[in-house]
Structure formats: structure tokens, C-alpha cells
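Asks: Take this structure, written in C-alpha cells, and hold onto it; I'll ask about it next.
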Amino acid sequence: MAELPTPLATPPATQVVVDRRVLVGYDNYLAAQRAVDSLSDAGFPVEHVAIVGSDLKLEETVTGRMTNGRAALTGAGSGAVFGAVVGMFLGLFTSTTMSFIVLVLWAALWGAVMGAAFGFINHFFTGGKRDFASRSAIVAGRYDVLVAASHLDHARAVMEGAPGPADTMVVEVPPSAGLYDPAAAQPTAPDHHAVTAPAASGHHATAAATEPATPGHHAATEPATPDRRA
């Protein structure tokens, strides 16, 4: 009896790692988006480009004060839109245009009423712990435009020649660079020694002209007045 061939083992799935290098970094997403767009306009293969955000943080922007009335009004608007969509869907099964319009209006009205009720109740039971409205978004501290290592030189050439608005670039100082000292960066001048000309024969060079003291003369001092007693 012939032996059945042993099935080959399926190799485990391996993750393909792409060597990407940082082309440029910005402190906002719009600047990184414009950089990629300029690459695309120049015909660069942007499928080798990626935008990576780092230093992620949650940013919550307060839009205003929230009260029971405003909560009800916001709920009414959302409910009216939802009711109108449902009414248009149900109106497809009506036979006349008037029936369709009336159905949409009634659905929007009931949606507004129910939305206002739910909005009021929801905010009322918070007990005043959140009396403000806000919107949240996840933002990054910096955005790096990464390019595959094989296309890095091409991307740099395109970025240097592409005109565009000047954006603030994020430049990180390498950890090994340390602090920049302007005094230490200046070149030190070599030490120079004063060159003195050889003295002529019979003459001596003097560093400073001083008046020689006359021999035999002492500094004149005022004689002391004898003590006179009354």
C-alpha cells in the first residue's frame, strides 16, 4: 500500500516590517498633511509615505454652559433629524406626495418631542455635576512624515524643490549632543608670545620711561613745628 505524502507544514504568518525614516516632523497635523500633498502633486509614490503621531493626549474643548433648557433644545434637534429620516423611509410606501410630506413632518415632530424629553431628563438626573457642553478629540504632540528608506533621497529632493508655506518644524536635539555653549563653540586662538627686537649695542631698552632719582637728594619734608607752650 502506497504511503500518502505528508502535507507540508504551513509556515507561520510573519509580519512584514518596512524600514521607514523620518522625512520631516511638524507640531500640527495640517502641516504634515500639506507635506504629503506636495509629494503627491510632484508625482512621488505616496504609498510609501506614512504620518505617525506621537505624544498622544486627549483634548476636550468646552463649547458652552449646559442647562436643562439647552439640553432639551439639543435633544429636540437630534430627535427631529432622526424622526425625519424615519419618516422619509416610511413615506416610500405611501401612494401620494401629500401623504409623504405629512408623514415626514409628523415623524420629525414626534422625534423632536421625544428628543427634548430625553435630553431634559438625562441632564436633570446628573445633579449639576456636568453643567457644560464639550467635544473631545485625540491629538498628538508632533506628527512625523515617514518615508521608506529606499525612497528617502527622492522625497528629500522633492521637498527641497517644492514651493509651499513655511511651517514650524519640530527638531529634536540628540540626547548625546548636550547643551550648546556659544563660548565653547568658538575656536581658541593660539598663544602668541611677544617678539622683542634685539637691543642695539650700547643701548638698553626700557619698558617704561621713569625719571631717575638724583643722587644725594632726599625728598623734602616740612620740618616739624616746635612745641610751644603758652
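Asks: Go through (1) open to solvent by 50 Å² or more (accessible area, probe 1.4 Å); (2) modelled with pLDDT of 85 or more; (3) farther than 23 Å from residue 62 by Cβ; (4) out of contact with any helix residue (DSSP H, G or I) (no Cβ under 6 Å at 6 or more places or on another chain) for residue 132 and report which single condition fails.
Replies: Checking residue 132 against (1) open to solvent by 50 Å² or more (accessible area, probe 1.4 Å); (2) modelled with pLDDT of 85 or more; (3) farther than 23 Å from residue 62 by Cβ; (4) out of contact with any helix residue (DSSP H, G or I) (no Cβ under 6 Å at 6 or more places or on another chain), the one that fails is (3).
Asks: Specify which of the listed residues (62, 46) is open to solvent by 80 Å² or more (accessible area, probe 1.4 Å), out of contact with any Asp or Glu (no Cβ under 6 Å at 6 or more places or on another chain) and closer than 30 Å to residue 139 by Cβ.
Replies: Working: 46 fails: open to solvent by 80 Å² or more (accessible area, probe 1.4 Å).
So the residue among 62, 46 that is open to solvent by 80 Å² or more (accessible area, probe 1.4 Å), out of contact with any Asp or Glu (no Cβ under 6 Å at 6 or more places or on another chain) and closer than 30 Å to residue 139 by Cβ is 62.
Asks: Here's a follow-up. Looking for something loosely packed, with under 14 Cβ neighbours inside 10 Å, at pLDDT below 90 and among the hydrophobic types (A, V, I, L, M, F, W, C) - is there at least one such residue anywhere in the stretch 81-92?
Replies: Yes, the conditions are met somewhere in the stretch 81-92.
Asks: Consider the stretch 37-58. How many of its residues are in contact (Cβ under 8 Å) with a residue 40 or more places away in the chain and hydroxyl-bearing (Ser, Thr, Tyr)? Full working, then the answer.
Replies: Narrowing the stretch 37-58 to residues in contact (Cβ under 8 Å) with a residue 40 or more places away in the chain: 38-39, 41-42, 44-45, 48-58.
Of the ones still in play, those that are also hydroxyl-bearing (Ser, Thr, Tyr) are 38, 54.
Total satisfying the criteria: 2.
Asks: List every residue pair whose Cβ atoms sit under 6 Å apart, with the two residues 6 or more apart in sequence or on different chains, where the first one lies in the stretch 111-140 and is basic (Lys, Arg) and the second, anywhere, is at pLDDT 90 or above.
Replies: Cβ pairs passing all conditions: 135/61.
The values are calculated or read from the model by the stated rules, or taken from the named source; none is laboratory data. Because the structure is a prediction, the values reported are computed rather than measured. Neighbour counts run over all protein chains shown; Cβ positions are idealised from the backbone, glycine included. When the accessible area is computed, the model is the full protein with side chains, heavy atoms only, and any ligands, DNA or RNA have been set aside. Shrake-Rupley method; radii C 1.70, N 1.55, O 1.52, S 1.80 Å.
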